[in-house]
Amino acid sequence: MYTQLPAADIDRARAWYAEKFGLEPVEDGDELIYDTGTAAFGVYPSDHAGSNKATYARLVVADFDAARGELLSRGVVFEEYDLGEDFRTIDGVLVSPDGEKTSWFKDSEGNILAIGSSI
């Protein structure tokens, strides 16, 4: 079982995941399958890419600040959200009351993804 992300342009998505995450698909056909070593996900052709307004997947990382810094250095742009006092990012980072951090970004297809710290 793995998450699947829609892509309006599969070649653009393949290039984005290579450039921003340094990932090459382990299966490259009608659908792209990626394996990060701890999780797998697929990217499939769809005219509905980017239409979901919610988070498709949240990747929990051991070192949030390092992972976020790496993504920034690769040109990933983090989203800003202000949904009230309890849900507001500052410089693209939401810090929950227990200290957990999350940052959201969009892939080349407009799918919303997140990285988060483990607590």
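Of the numbered criteria (1) assigned to a loop (DSSP other than H, G, I, E, B); (2) over 26 Å from residue 7 (Cβ atoms), the one residue 109 fails is (2). Taken over segment 1-54, residues that are surrounded by 16 or more Cβ atoms within 10 Å (Cβ to Cβ) and part of a helix (DSSP H, G or I) amount to 7. All of 44, 17, 56 fail the test of being more than 22 Å from residue 118 (Cα to Cα) and within 15 Å of the chain's Cα centre (by Cα), apart from 17.
Residue count for segment 62-80 under the criterion of being surrounded by fewer than 14 Cβ atoms within 10 Å (Cβ to Cβ) and either among the aromatic types (Phe, Trp, Tyr) or assigned to a helix (DSSP H, G or I) (or both): the result is 4. Residues in segment 50-60 that are of a type outside the set (Lys, Arg) and under 21 Å from residue 1 (Cβ atoms): 52, 54, 55, 56, 57, 59, 60.
Every residue in segment 94-119 that is at negative phi and more than 14 Å from the chain's Cα centre (by Cα), please. If you could, list the steps in order and put the result at the bottom.
Keep residues of segment 94-119 that are at negative phi, which gives 94-98, 100-109, 111-119.
94, 95, 96, 97, 98, 100, 101, 118, 119, listed by residue number.
Restricting the search to segment 92-106, which residues are free of Cβ contacts under 8 Å to residues at least 12 places away in the same chain and either part of a loop (DSSP other than H, G, I, E, B) or of a type in the set (D, E, K, R) (or both)? Answer for segment 92-106, where residues must be free of Cβ contacts under 8 Å to residues at least 12 places away in the same chain and either part of a loop (DSSP other than H, G, I, E, B) or of a type in the set (D, E, K, R) (or both): 96, 97.
Residue-level check: of (1) part of a loop (DSSP other than H, G, I, E, B); (2) closer than 25 Å to residue 4 by Cβ; (3) out of contact with any strand residue (DSSP E or B) (no Cβ under 8 Å at 6 or more places or on another chain), residue 86 misses just (2).
We did not get these values from a lab; they are worked out from the coordinates using the rules stated. In this text the structure is predicted, and so the values were computed from the model without any measurement. Ideal geometry is used to build each Cβ from the backbone, glycine not excepted, and the neighbour counts take in all protein chains shown.
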